[in-house]
Amino acid sequence: MHTPTTQARPSVYYSYQVHQPWLASQHPPQPRQRVVIVGSGPAGMVTALELARHGVPSVIVTAELQVSQGSRAIVFTRRSMEILQQVGVADRMTAHGLPWRFGNSFYRGQCVFRLEAPHDPDDRFFPMLNIQQQYMEEYLLDACDAHPLIEVRWGNKLTRVEQREGHVLAEIDTPEGPYTLETDWLVAADGGRSGIRAALNLQMEGASYEGFFVIADIKIDLPLPTERRAYFDPDWNRGNTILMHREPHGIWRVDYQLPPGESPEEALRPESLKARIDAQLAMIGFGGTPWEMDWSSVYSARTLTLPDYVHGNILFTGDAAHLLPIFGVRGANTAFQDAQSLGWQLAYVIRGWAGTSLLHNHSEERVGAAREIIEEAGKSTRFMAPPAGGFALLRDAVLSLSLTQDFVRPLYHWRTSRPHAYVHSRLNSPGDDDALFTAGPSHGAPPQNIRLAPNDYLLDHLGGGFELLYFTHAQAMPDDLMAIVQATRQTGVALRVIAIGADHPVRGADLHWADADGHLRERYGVAANGAAYLLRPDQHVCARWLTLDATRLQAALRAALPQ
Ligand SMILES: Cc1cc2nc3c(=O)[nH]c(=O)nc-3n(C[C@H](O)[C@H](O)[C@H](O)COP(=O)(O)OP(=O)(O)OC[C@H]3O[C@@H](n4cnc5c(N)ncnc54)[C@H](O)[C@@H]3O)c2cc1C
């Protein structure tokens, strides 16, 4: 019998709500579900919200009765905010989070590198926003609870899973004992220690790095701006690295690397934590400032991914699919992109708008993203926590040279999580004009946001389904294009037409934007009427044309909706 704790988790700033367990005895017999999602972390909840946006119901089963223990992921990127905007929680994140865009690297008391993350006037969101994972999960949970197509079952732990012909049987344990759930599709969003991954005996590819980091959240009043602070090789922790981030509610995150040979248990002893945090505060000039511990944990850096996220009717997403180092804020930010991708592609297969090859496309796209992240995060990890030998030698040389030499300083660049462009996606249209454009988002990339008016941005309007951005001054959309649009809509697929360039309604278009100053055209590399972009439901570009005709639109839609 599964007995999740009913004690609210401790925290000095967050009040955990303990939810009631879902019990089968209080409900009618269970029908076969369309989608069961295992896990209510960011990957599980965003998958459910994305499925629901495309009309597909899901049941989330989750082992605990509360949201995440401790702050865990605290830094969210602009692309994550754009994804969260789609599922309706970006406003709450913005209202409560701390935006920032500068990162500092210190060595021997000197700031040797200061990075400014670009912030374009066309962007709605800051490059980074700090807020604790519990809040993010609470906002997602409220959105799930408010959606009639999503059911969340607290205190329901998956204990056994079995693939059958075309469906999956899951045994779910609860505080009153187990029950069986049958489902067409099962999404494994059960986190880094995925029991489903273990049950299927799936091997991950990649590397694990030596050494441990402590993460500690402390409540302290520090008069420092919201910027990332990295301290290399400080006197109190020679050879190692310390990171500091401001979080909302007077909390600071202090991450530090442990000396070789020290065990996580030793490192988490209260005396050990206190001595090191005091030493760090003293080094930055705040020795003696009172502070209180909220939460601490230990992690090690791993760069691992499953080579395929689709296994029959079981689909892996988030940390269950890959384990990424948190340098460069990879964990939750990657989980959002995974879930957004899985949500629409699974929905389109379930709704019958595409064949199951769309799921293999999803897997190829996201495994490609994980491999790219692993490549980049590996570089950061080798700089932050270098293995012995050449890597340590190189890092030490960069540190000492950086005190006097500008040319080595860019090596401190921390390579923050960024959206993956699906350059090699099967959904990109081979016969379009992608290669002929000189500006604008290309094949597989998410669109560059554009400020249309004060507090009105391009991405505010995109993402319900496919979108055709058509550049025209004419009174009406061409008939032959509209015939293709109508035929696509008749299959049930959402395809909106947005006319750009006319200051009057354009017959056939769902929306029109005048783009009076030509700014959108310029950023999208459009010089003449008749150009167009086709965007997928996750907003990524799958085709663009300098001159669109009906044949090429038809071909692009066929490529994007493989049968
Ligand atoms: C200690 C720690 C510190 C971290 N710090 C950072 C950080 O500083 N920055 C950063 O970017 N990322 C950090 N991460 C990573 C980040 O939290 C994850 O990448 C992110 O939460 C991944 O989301 P997910 O939904 O894939 O998995 P998770 O958030 O882990 O969610 C998994 C869900 O599955 C549920 N579950 C597990 N097994 C079962 C089962 N058998 N049945 C039912 N439910 C089950 C869990 O209860 C949970 O709800 C940290 C992670 C940990 C563990």
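The values are calculated or read from the model by the stated rules, or taken from the named source; none is laboratory data. Fair warning: this is a prediction, and the values are worked out from it, not measured in the lab. Neighbour counts run over all protein chains shown; Cβ positions are idealised from the backbone, glycine included. Ligands, DNA and RNA are stripped out before the accessible areas are found, and what is left, the full protein with its side chains, is counted by its heavy atoms. Shrake-Rupley method; radii C 1.70, N 1.55, O 1.52, S 1.80 Å.
Summary of values
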{"item": "Residue match in the range 71-87 (condition: in contact (Cβ under 8 Å) with a residue 24 or more places away in the chain, open to solvent by 20 Å² or more (accessible area, probe 1.4 Å) and within 13 Å of the ligand (Cβ to nearest atom))", "result": "yes"}
{"item": "Close pairs (6 angstrom Cβ cut-off, 6 or more residues apart or separate chains): at pLDDT 95 or above in the range 546-557, open to solvent by 60 Å² or more (accessible area, probe 1.4 Å) anywhere", "result": "Leu546/Leu436; Ala550/Asp480"}
{"item": "Qualifying residues in the range 209-248 (those that are open to solvent by 30 Å² or more (accessible area, probe 1.4 Å) and touching a helix residue (DSSP H, G or I) at 6+ places or on another chain (Cβ under 9 Å)) - the one nearest to Val298 (Cα to Cα)", "result": "Phe212"}
{"item": "Qualifying residues in the range 165-193 (those that are near the ligand (Cβ under 10 Å from one of its atoms) and part of a loop (DSSP other than H, G, I, E, B)) - the one nearest to Thr303 (Cα to Cα)", "result": "Gly192"}
{"item": "Selected residue (only one of Glu162, Glu205, Glu116 is touching a residue at least 40 places away in the same chain (Cβ under 8 Å) and more than 30 Å from Tyr14 (Cβ to Cβ))", "result": "Glu205"}
{"item": "Hits in the range 485-528 - residues which are surrounded by fewer than 18 Cβ atoms within 10 Å (Cβ to Cβ) and of a type in the set (Asp, Glu)", "result": "Asp503, Asp510, Asp517, Glu522"}
{"item": "Filter result (among the charged types (D, E, K, R) and open to solvent by 40 Å² or more (accessible area, probe 1.4 Å)) within the range 283-297", "result": "Glu292"}
{"item": "Test set (1) more than 16 Å from the ligand (Cβ to nearest atom); (2) in contact (Cβ under 8 Å) with a residue 12 or more places away in the chain; (3) surrounded by fewer than 18 Cβ atoms within 10 Å (Cβ to Cβ) - Pro264 fails condition number", "result": "(1)"}
{"item": "Candidate set from the range 311-366 (those that are of a type in the set (S, T, N, Q) and surrounded by fewer than 24 Cβ atoms within 10 Å (Cβ to Cβ)); member that is nearest to the chain's Cα centre (by Cα)", "result": "Ser363"}
{"item": "Ile196 outside any strand (DSSP E or B), of a type in the set (Val, Ile, Thr) and over 25 Å from Trp252 (Cα atoms)", "result": "yes"}
{"item": "Residue among His27, His54 that is open to solvent by less than 30 Å² (accessible area, probe 1.4 Å) and more than 12 Å from the ligand (Cβ to nearest atom)", "result": "His54"}
{"item": "Of all residues making up the range 453-487, the number that are within 26 Å of the chain's Cα centre (by Cα) and more than 25 Å from Ser341 (Cβ to Cβ)", "result": "2"}
{"item": "Given (1) outside any loop (DSSP other than H, G, I, E, B); (2) more than 24 Å from Val161 (Cα to Cα), number of the condition Leu51 does not satisfy", "result": "(2)"}
{"item": "Flag for Pro441 being within 30 Å of Ala230 (Cβ to Cβ) and either aromatic (Phe, Trp, Tyr) or buried (at least 20 other Cβ atoms within 10 Å of the Cβ) (or both)", "result": "no"}
{"item": "Enumerated strands (runs of 3 or more DSSP E) restricted to the range 286-328, each holding at least 3 residues that are within 12 Å of the ligand (Cβ to nearest atom), at positive phi and in contact with a helix residue (DSSP H, G or I) (Cβ under 6 Å, 6 or more places away or on another chain)", "result": "none"}
